[in-house]
Structure formats: C-alpha cells, structure tokens
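The values are calculated or read from the model by the stated rules, or taken from the named source; none is laboratory data. Not measured: the values here are computed from a predicted model. Cβ coordinates were reconstructed from backbone atoms using ideal geometry, including for glycine residues, and neighbour counts include every protein chain displayed.
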C-alpha cells in the first residue's frame with residue numbers, strides 16, 4: 001500500500017513537468033516561426049554610379065614604330081589576344097641568328113672527339129712507358145694533351161649554353177614587341193595608329209565590364225551597419241530597367257566630414273555585358289542579410 005501511495009504522489013509532479021515542457025516547446029516553435037516570417041530590413045534608396053571593374057591604359061614596354069593595331073574603339077577583346085604589334089624585323093633577325101648559334105654543335109662534337117683521341121693516346125703512352133719504350137717526357141705530353149682536350153670540351157659546352165641563353169633573350173626581346181590584352185573587356189579608345197611611334201604615351205584604353213563596380217556614398221546613419229558580403233539591389237537609370245543583384249566588397253573606413261558620407265563599393269555580375277558601364281543608378285541595401293564567403 002505504501003508503494004502504491006508513493007506512485008500516486010509522483011504522478012501529479014510528472015504531469016506538471018510534462019505540461020511545462022509542452023508549453024516551452026510551443027513557445028520555442030513560435031519564436032522560430034516569427035523569426036522566419038520577419039521581412040528583411042532594407043535601407044532607403046541611394047544614388048550610385050556603375051563603373052567598369054577595371055580601366056587599363058595599354059602601353060608598350062619598349063619604344064618602336066607601330067606596325068599593326070588589330071582592334072578599334074568598341075571592339076571586344078579577350079585575355080591574351082594580340083592587339084598591337086611593333087616593327088620587329090631587326091629583332092626577328094637577331095633571334096634567328098641566336099637560334100643558329102644555339103643549335104650549332106660542330107665545335108662541341110670536335111672537342112669531344114679530341115677528348116677521346118687524347119685519352120687513347122695517353123693509354124698507349126702509359127703502356128709504352130711501362131716497357132721503357134718512351135721517356136717520361138712523352139707521358140707528360142700525353143697527359144697534358146688530354147687535360148687540354150677536356151678543358152676545350154668544357155669550354156665548348158659552356159659556349160653552347162651561353163648561346164642558348166642568348167637565343168632565349170633574343171626571343172624575349174622579340175616578344176616585347178607584341179602587345180596582348182591583359183583582360184577580357186572592350187576597347188574604350190584607340191590613341192595611336194600604325195606608322196606612329198610608340199613611346200611613353202598609351203596606345204589604347206581597355207575596360208573590363210564583367211563584373212561591374214557600383215560606387216555609392218552612404219550616409220553616416222549606415223556606418224557600422226553595412227558590411228562586406230551584404231546584398232543589395234541595383235537599378236540602372238532609365239525607364240523599365242530591371243533590378244540587378246550586387247554584393248558589398250569594400251566599406252570605406254574613412255568618412256568624408258564635409259558631406260557626412262562614406263564610400264561603399266559593390267560588385268555586380270554582368271555575364272552577357274547587358275549593363276552599360278557609366279550609368280547612374282539607385283541602390284537598396286539589405287541590412288539583415290550577409291552572404292557567407
């Protein structure tokens with residue numbers, strides 16, 4: 001009877017605990033659902049400017065007369081594409097001469113034959129010296145001849161190696177007269193034409209437009225709220241322009257005290273080159289979202 005009484009006394013306590021656990025579970029689920037249904041916080045629209053990701057002035061590493069310019073303003077170029085060549089007849093001839101010297105093997109083979117001959121001569125001299133057929137002077141002469149032949153072979157090997165290096169240097173000098181595009185982009189302007197002398201001035205200007213940079217000056221009220229990785233919606237100027245997604249890449253830590261703003265840079269994909277660089281735009285920042293790197 002005492003055991004039954006103890007069990008009956010424990011049951012109300014367990015039931016009370018179960019009711020508390022159920023209430024806590026419902027409260028937790030409710031909090032999670034509320035968090036999931038809370039809409040993201042967006043900052044007010046701000047003015048911005050769409051710029052190329054990179055703008056490059058293409059020059060020449062050496063002075064020379066421009067021979068060809070294969071692209072013009074508005075043309076699309078790919079990384080590694082030849083866009084400018086300089087007159088290079090002298091460099092081509094120098095490269096051919098250096099190649100011929102590097103591939104020449106007559107001196108090397110001749111010195112190699114001399115090494116073999118001097119080695120055999122020394123062996124015969126040693127055999128004859130053992131039978132007292134020749135004097136010590138003849139043996140010394142044979143040893144000296146072999147040493148000189150080996151040094152001659154080493155010198156020929158070194159000269160061939162130097163000739164190969166001269167060939168590589170001549171080809172490097174020739175390659176400097178061919179200018180290739182360092183990016184995938186578009187020709188913004190062509191500044192020089194064939195027949196003109198390329199010196200310190202750029203030959204043309206290129207712009208990389210995929211991805212694009214979006215520059216915006218945000219008010220001080222957003223300082224500390226905008227962080228790298230946050231998403232934003234960018235709408236270029238013009239009627240009916242669609243919204244494009246961008247991501248914050250740089251948040252300037254220096255504030256412009258005169259305007260009370262700080263700079264923010266975003267990166268916006270432009271895979272089909274559908275968005276023109278240089279357009280004004282508006283941007284809205286999604287303050288409650290940060291993309292994982």
task: Determine if the stretch 208-221 includes at least one residue that is within 30 Å of residue 88 (Cα to Cα), surrounded by 15 or more Cβ atoms within 10 Å (Cβ to Cβ) and modelled with pLDDT of 95 or more.
output: yes
query: Hey, any hits in the stretch 253-263 for a residue that's exposed (fewer than 15 other Cβ atoms within 10 Å of the Cβ), in contact (Cβ under 8 Å) with a residue 12 or more places away in the chain and closer than 30 Å to residue 76 by Cα?
result: no
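Can you confirm whether the stretch 212-220 contains a residue that is in contact (Cβ under 8 Å) with a residue 40 or more places away in the chain, more than 17 Å from residue 262 (Cα to Cα) and not in a loop (DSSP other than H, G, I, E, B)?
Keep residues of the stretch 212-220 that are in contact (Cβ under 8 Å) with a residue 40 or more places away in the chain, which gives 212-220.
Among the residues that remain, those that are also more than 17 Å from residue 262 (Cα to Cα) are: 212.
Then keep just the ones that are not in a loop (DSSP other than H, G, I, E, B); that gives 212.
Checked against the condition, which is being in contact (Cβ under 8 Å) with a residue 40 or more places away in the chain, more than 17 Å from residue 262 (Cα to Cα) and not in a loop (DSSP other than H, G, I, E, B), the stretch 212-220 yields at least one hit.
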- prompt: Within the stretch 203-221, can you find the residues that are touching a strand residue (DSSP E or B) at 6+ places or on another chain (Cβ under 6 Å) and closer than 15 Å to residue 271 by Cα?
  reply: 207, 208, 209, 211, 212, 213
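Of the residues that make up the stretch 222-240, is at least one in contact (Cβ under 8 Å) with a residue 12 or more places away in the chain, more than 30 Å from residue 107 (Cβ to Cβ), within 23 Å of the chain's Cα centre (by Cα) and part of a loop (DSSP other than H, G, I, E, B)? Break it down into steps so the answer makes sense when it comes.
First, the residues of the stretch 222-240 that are in contact (Cβ under 8 Å) with a residue 12 or more places away in the chain: 222-223, 225-238.
Still in the running and more than 30 Å from residue 107 (Cβ to Cβ): 222-223, 225-238.
Restricting the remaining residues to those that are within 23 Å of the chain's Cα centre (by Cα) gives 228-229.
Those still in the list that are part of a loop (DSSP other than H, G, I, E, B) too: 228-229.
Among the residues of the stretch 222-240, at least one is in contact (Cβ under 8 Å) with a residue 12 or more places away in the chain, more than 30 Å from residue 107 (Cβ to Cβ), within 23 Å of the chain's Cα centre (by Cα) and part of a loop (DSSP other than H, G, I, E, B), which makes the answer yes.
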